[in-house]
Amino acid sequence: DTEVTQTPKHLVMGMTNKKSLKCEQHMGHRAMYWYKQKAKKPPELMFVYSYEKLSINESVPSRFSPECPNSSLLNLHLHALQPEDSALYLCASSQDPGGGAGNEQFFGPGTRLTVL
Amino acid sequence: RKEVEQDPGPFNVPEGATVAFNCTYSNSASQSFFWYRQDCRKEPKLLMSVYSSGNEDGRFTAQLNRASQYISLLIRDSKLSDSATYLCVVNKGGGSYIPTFGRGTSLIVHP
């Protein structure tokens, strides 16, 4: 199984709502990532979890709150978002968090988020 | 200078053509390198890892030049289905692991 799954596929929310994005992988990977991607731009790294611990937070606003309940799951909790937060949110995993050769990331299909 | 730079293109080529993309990186401590392909409104998919010795997978060849700090992707005998954005990813070394994406190069293969 080389699949990363994400739910929901699409999400529309108001600025006062609270919602969560979910990501799951069963490849035994120990590093998981959240990215944000706007149209015609590359993915921007938001968070990295390494062995279920938050290892990198790329100065993301606190209205985005990641959570890693176990080694297979990654959540992104959303609260009080702004319209400019509308984007494709991608989850990825890799075998380990090291920077060595061969540490490829596998991406989920993403959640397309619209904030009204 | 950006950490990872790519020519955004688009590269507009006929079917059957050979096309090459380069990606330059600024951090000499970078340890691992990848090419991803992304179709419109889809997730990035790994195309190739790039090793020091270079590697080939069918019509695709990737090379690493550490001295000049760039990686390259060569596509031979282009197909219509090769039309996509090709993203270069460089993983920093030096103790902190942060994958850095280039802005992508758009390829359009026409009949």
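The values are calculated or read from the model by the stated rules, or taken from the named source; none is laboratory data. Bear in mind the structure is a predicted one, so any value in this text is a computation, not a measurement. Cβ atoms come from the backbone with ideal geometry, glycine included; neighbour counts cover every protein chain shown.
Contact map, segment A:14-30: first residue at negative phi, second residue among the charged types (D, E, K, R), Cβ cut-off under 7 Å, separation 6 or more or different chains; pairs are A:26/A:1; A:27/A:1; A:30/A:96.
Of the residues making up segment A:42-58, those that are within 14 Å of chain B (Cβ to nearest Cβ), more than 12 Å from the chain's Cα centre (by Cα) and surrounded by 13 or more Cβ atoms within 10 Å (Cβ to Cβ) number 5.
Please count how many residues of segment B:24-67 are assigned to a strand (DSSP E or B) and of a type in the set (D, E, K, R).
4
Restricting to segment B:92-111, and then to whatever is facing chain A (nearest Cβ under 7 Å) and farther than 16 Å from residue B:6 by Cβ, can you tell me which residue is modelled with the lowest pLDDT?
By that ranking, first place goes to B:93.
Residue count for segment A:59-85 satisfying the condition of being small (Gly, Ala, Ser) and either crowded, with 19+ Cβ neighbours inside 10 Å or at positive phi (or both): 2. How many residues, within segment B:18-38, are aliphatic (A, V, I, L, M) and surrounded by 14 or more Cβ atoms within 10 Å (Cβ to Cβ)? Of the residues in segment B:18-38, 1 are aliphatic (A, V, I, L, M) and surrounded by 14 or more Cβ atoms within 10 Å (Cβ to Cβ). Against the numbered list (1) surrounded by fewer than 17 Cβ atoms within 10 Å (Cβ to Cβ); (2) within 17 Å of residue A:42 (Cβ to Cβ); (3) modelled with pLDDT of 95 or more, residue B:41 comes up short only at (3).
Scanning segment A:44-51 turns up no residue that is out of contact with any Gly (no Cβ under 8 Å at 6 or more places or on another chain), without any contact (Cβ under 8 Å) to a residue 12 or more places away in the chain and not in a loop (DSSP other than H, G, I, E, B).
Inside segment A:59-101, residues that are assigned to a loop (DSSP other than H, G, I, E, B) and more than 13 Å from chain B (Cβ to nearest Cβ) make up a count of 10. Residue count for segment B:1-23 satisfying the condition of being out of contact with any Phe, Trp or Tyr (no Cβ under 6 Å at 6 or more places or on another chain), without any contact (Cβ under 8 Å) to a residue 60 or more places away in the chain and either in a strand (DSSP E or B) or of a type in the set (Gly, Ala, Ser) (or both): 1.
Output the residues belonging to segment A:18-27 that are more than 16 Å from residue A:48 (Cα to Cα) and either part of a strand (DSSP E or B) or out of contact with any Asp or Glu (no Cβ under 7 Å at 6 or more places or on another chain) (or both). If the condition is that a residue be more than 16 Å from residue A:48 (Cα to Cα) and either part of a strand (DSSP E or B) or out of contact with any Asp or Glu (no Cβ under 7 Å at 6 or more places or on another chain) (or both), then A:18, A:19, A:20 are the ones that fit.
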